[in-house]
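Visitor: Structure provided below as structure tokens; questions to follow.
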Amino acid sequence: MNMEEEYKGKEATLFKKLEGKKVQCLACAHYCQIPEGKTGICGVRKNYQGKLYLIVYGRAIAVNTDPVEKKPLYHFLPKSLVYSIGTIGCNFRCQFCQNWDISQYMREKGAGAEILGQDLSPEKIIDHCKRNKIPAVSFTYNEPAIFFEYARDTARLAHENKMKTIYVSNGYESKEALEEIAPYLDAINVDIKSFSEEFYNKICGAKLQPVLDTVKRVKEKGIWMEITTL
């Protein structure tokens with residue numbers, strides 16, 4: 001499949017250009033430096049000719065209407081239903097992931113894999129919620145930091161329509177991403193998987209400190225936060 005035929009999604013906004021058509025992704029705390037034609041750790045943010053694209057923009061692999069307590073959030077919109085969406089890909093590689101078939105899809109299939117998911121634009125998401133009187137949208141199933149532009153555009157539209165928004169996150173948002181999403185984010189559940197740096201490195205392919213930094217920043221911004229320890 002050549003570049004013209006390949007689904008490219010939408011050009012990202014959270015990146016900066018480097019020398020030699022490399023780019024640095026600013027969506028999560030990995031801050032991947034990505035050569036032309038390659039993706040970051042998540043597998044869904046790809047460098048095309050010196051520009052970064054979110055190749056899962058508008059492609060939701062998991063879509064459900066859930067009780068908010070399933071996120072889990074127990075003190076935010078209790079007893080409400082939320083419209084939950086997620087994409088393929090993840091910036092962690094947790095060996096115990098319950099959604100590994102979608103989160104690790106790009107690692108399993110490799111470069112050039114088909115971008116799975118139904119066509120679900122931000123406008124379609126909000127229209128569904130309005131028609132079904134669902135008060136909130138939840139970005140979940142995989143890490144929303146990696147599909148930042150898709151989540152941000154949906155969250156902004158949700159707020160314009162007086163709906164609430166939720167992140168279910170591993171806490172690996174970059175400082176830049178959290179700063180930009182904060183005005184449109186009402187609640188977040190952060191999964192702190194361990195307080196061991198070794199655990200994060202060996203089991204999750206990440207580091208502990210960025211997660212703790214995110215928790216502090218979320219608290220400082222006054223976003224409703226609940227913590228999961230799985």
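The values are calculated or read from the model by the stated rules, or taken from the named source; none is laboratory data. Just so you know, these numbers come straight off a predicted model, no measurement behind them. For neighbour counting, all protein chains shown are included, and Cβ atoms are generated from backbone atoms with ideal geometry for every residue, glycine included.
Visitor: Only one residue in LEU77, LEU73, LEU52 is in a strand (DSSP E or B) and either surrounded by 15 or more Cβ atoms within 10 Å (Cβ to Cβ) or in contact (Cβ under 8 Å) with a residue 12 or more places away in the chain (or both), so which one is that?
Guide: Answer to the selection: LEU52.
Visitor: OK, next. So which of TYR184, TYR150, TYR141 ends up being among the hydroxyl-bearing types (Ser, Thr, Tyr), surrounded by 15 or more Cβ atoms within 10 Å (Cβ to Cβ) and in contact with a Pro (Cβ under 8 Å, 6 or more places away or on another chain)?
Guide: Just one listed residue meets the conditions, TYR150.
Visitor: Now for a different question. So if I check each of LEU212, LEU178, which one is buried (at least 17 other Cβ atoms within 10 Å of the Cβ), in the same structural domain as ASN142 (by TED's automatic domain parsing) and either touching a Cys at 6+ places or on another chain (Cβ under 8 Å) or closer than 21 Å to CYS25 by Cα (or both)?
Guide: None of the other options fit; the residue is LEU178.
Visitor: Out of LYS46, LYS109, LYS124, report the one residue that is over 24 Å from ASN189 (Cβ atoms) and either assigned by TED's automatic domain parsing to the domain that holds LEU14 or touching a Lys or Arg at 6+ places or on another chain (Cβ under 6 Å) (or both).
Guide: LYS46
Visitor: A further question follows. Right, GLY37: under 16 Å from the mean Cα position of the chain (by Cα), outside the structural domain of TYR141 (by TED's automatic domain parsing) and not in a strand (DSSP E or B) or not?
Guide: Judged against the criteria, GLY37 is not a match.
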